[in-house]
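*Asks:* Got a structure for you, questions after.
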Amino acid sequence: MTEDDALAAKGAPSEKGQARKPLIKLDKLSKHYGNHTVLDGIDLEVMPGEVLAIIGPSGSGKSTLLRCINYLEPPDGGHVTIGDISLNAAAAAGRSELSTLRRSVGMVFQSFNLFPHMTVLRNVSLAQERALGRSRKNADERSMQLLSRVGLADKAEQFPGRCSGGQQQRIAIARALALDPDVMLFDEPTSALDPELGLEVLAVMRELAETGMTMIVVTHEMSFAENVSDTVMIMADGKIIEKGPSQDVMRNPQQERTKRFLRAVHDR
Ligand SMILES: Nc1ncnc2c1ncn2[C@@H]1O[C@H](COP(=O)(O)OP(=O)(O)OP(=O)(O)O)[C@@H](O)[C@H]1O
């Protein structure tokens, strides 16, 4: 099955008679730290509704790629386009242009970064008021919907410190979703968690994937890559070494470097 067939089978949006357009497009993206080439001319397209898992050895550039997609880390070569809008142009136009565009990209990190002195509800509502200008009442209503969705409505009035790591990560997901993003980026969202708590978070991510959210997920969770994502991309040394429908790549990799990486993961 091709990547397009797989997405069509999933019911990803497609307009009859029209070529589907990528939601995210990277052209020859590059990033260096000193002499070290961390991203080496990455070309990538992510379609609306696609769930892309990025896996690969430590230091291969996965997190840097994710951070370049929303300009948390400005790339030093190439282009990032989200929908029809160039992030390069937005960045050149100034901070406010960039932050408007960044709102369409939700991001969840390994660490949850919740405000410890605010209730769970306030943590989810605050950015909606500041970034979207929602009234407190509207923001709180939306937050409660999202907290219910991640199974944590009963924690709304608690402080994050009273919640488990898995719960805190689910709150962070609700907070990112509250800004109504077009795409969600996840940077190893379960790697700071005990396996059992990680499963709670993965269940929320699986549900999100099933709603048709476009997702790019840097992960060490091979079962998520194989069973939830539509597409898997393997990185090594700042390059994409293999990319395709997830089950094809995970079960029948073509590249020697991918085979070695997957063998090493399975032997761990
Ligand atoms: N701010 C920085 N300054 C200098 N070097 C950096 C910086 N951020 C990342 N690097 C280097 O860039 C390379 C890629 O890092 P990156 O975190 O993107 O890899 P990764 O594939 O996500 O690794 P991991 O799976 O271990 O998280 C590494 O060699 C790292 O040391």
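The values are calculated or read from the model by the stated rules, or taken from the named source; none is laboratory data. Here the structure is a predicted model, which means the values were calculated and not measured. Every residue, glycine among them, receives a Cβ derived from its backbone with ideal geometry; neighbour counts consider all protein chains shown. SASA here: full protein model, heavy atoms, side chains in, ligands and nucleic acids out. Shrake-Rupley method; radii C 1.70, N 1.55, O 1.52, S 1.80 Å.
*Asks:* Based on the alpha-carbon gyration tensor of the stretch 203-245 and its eigenvalue square roots a ≥ b ≥ c, which shape applies: rounded if a/c is under 1.5, prolate if not and a/b is larger than b/c, or oblate?
*Replies:* The shape class here is prolate.
*Asks:* Using the Karplus curve 6.51 cos²θ - 1.76 cosθ + 1.60 with θ = phi - 60°, work out ³J(HN,Hα) for each residue of the stretch 213-219 in order, rounded to whole Hz, and write x for Gly and Pro.
*Replies:* With the stated coefficients, the stretch 213-219 comes to 5, 6, 9, 10, 10, 7, 8 Hz.
*Asks:* Sticking with the crude label model, points 7 Å out along Cα→Cβ, report the distance from ASP154 to LYS137 in nm, one decimal please.
*Replies:* Distance between label points: 2.9 nm.
*Asks:* Something else: Going by amide H atoms built from the backbone, whose H comes under 5 Å of the H on VAL38, apart from near neighbours?
*Replies:* Those lying under 5 Å, H to H, from VAL38 are LYS31, HIS32, TYR33.
*Asks:* Is the shape of the stretch 162-215 rounded, prolate or oblate, going by the alpha carbon gyration tensor and its root eigenvalues a ≥ b ≥ c, with a/c under 1.5 for rounded and a/b larger than b/c for prolate?
*Replies:* Here the stretch 162-215 falls in the prolate category.
*Asks:* Something else about it: Once you keep just the Cα pairs under 8 angstrom separated by 6 or more residues, what percentage relative contact order results for the chain? Let's see the in-between values first.
*Replies:* Details: 466 pairs, mean separation 67.4, N = 268.
Relative contact order comes out at 25 percent.
*Asks:* For MET144 and LYS243, FRET efficiency with R0 = 51 Å and r from the beta-carbon atoms, rounded to 0.05?
*Replies:* So the FRET efficiency works out to roughly 0.85.
*Asks:* Counting only heavy atoms of protein chains, what accessible area per residue, in Å², does the chain have with a probe of 1.4 Å?
*Replies:* Accessible area per residue, the chain: 48 Å².
*Asks:* Multiplying the sequence separation of ALA92 and LYS259 by 0.36 nm and subtracting their Cα-Cα distance, what value in nm do you get?
*Replies:* Full extension of this stretch gives 56.0 nm more.
*Asks:* Where Rh is the Kirkwood radius over the Cα pairs of the stretch 28-133, the temperature 10 °C and the viscosity 1.306 mPa s, what D in µm²/s does Stokes-Einstein return? Don't skip to the answer; put the middle values down first.
*Replies:* Details: Rh = 15.8 Å.
For these conditions, the coefficient is 101 µm²/s.
*Asks:* Which of these, MET222, MET213, MET144, has the largest mean-square fluctuation under a Gaussian network model of the chain (Cα springs below 10 Å)?
*Replies:* Sorting by GNM fluctuation, first place goes to MET222.
*Asks:* Turning to a different aspect of this structure: Ordered by residue, what ³J(HN,Hα) values in Hz, to whole numbers, does the stretch 157-168 give under the Karplus form 6.51 cos²θ - 1.76 cosθ + 1.60, where θ = phi - 60° and Gly and Pro are x?
*Replies:* Result, rounded to whole Hz: 8, 8, 9, x, x, 8, 9, 6, x, x, 5, 4.
*Asks:* I would also like to ask the following. Using θ = phi - 60° and the Karplus relation 6.51 cos²θ - 1.76 cosθ + 1.60, list the HN-Hα couplings for the stretch 259-265 in order, rounded to whole Hz, with x at every Gly or Pro.
*Replies:* Coupling constants for the stretch 259-265: 4, 5, 4, 5, 4, 4, 5 Hz.
*Asks:* Can you give me the % of accessible surface on the chain that is carbon or sulfur? Probe 1.4 Å, all protein chains present, nothing else counted.
*Replies:* Result for the chain: 48 percent of the exposed heavy-atom area is carbon or sulfur.
*Asks:* Also, I was wondering about something else. Is the stretch 169-268 best put as rounded, prolate or oblate by its Cα gyration tensor, with a ≥ b ≥ c the root eigenvalues, rounded for a/c under 1.5, and otherwise prolate when a/b is larger than b/c, oblate when not?
*Replies:* Judged from the Cα gyration tensor, the stretch 169-268 comes out prolate (a/c at least 1.5, a/b above b/c).
*Asks:* Additional query: At 1.4 Å probe size, put MET184, MET47 in order of accessible surface, largest to smallest.
*Replies:* Details: MET184 0, MET47 20 Å².
Result, largest first: MET47, MET184.
*Asks:* Where does the charge balance sit around LYS25 when Lys and Arg score +1, Asp and Glu -1, over other residues with C-beta under 9 Å from its C-beta?
*Replies:* Once positives and negatives cancel, what remains is -2.
*Asks:* Run the quick spin-label model on SER30 and GLU129: label points 7 Å from Cα toward the beta carbon, then report their separation in nm to one decimal.
*Replies:* With each label placed 7 Å out from Cα toward Cβ, I get 4.6 nm.
*Asks:* What FRET efficiency comes out for the pair GLU226/ASP180, r = Cβ-Cβ distance, R0 = 35 Å, nearest 0.05?
*Replies:* Calculated transfer efficiency: 0.75.
*Asks:* Compute the convex hull volume of the Cα atoms of the chain, divide it by the residue count, and report the result per residue in Å³ as a whole number.
*Replies:* 142 Å³
*Asks:* So if we plug the beta-carbon distance of GLU210 and LYS21 into 1/(1 + (r/R0)^6) with R0 = 30 Å, what FRET efficiency do we get, rounded to 0.05?
*Replies:* 0.85
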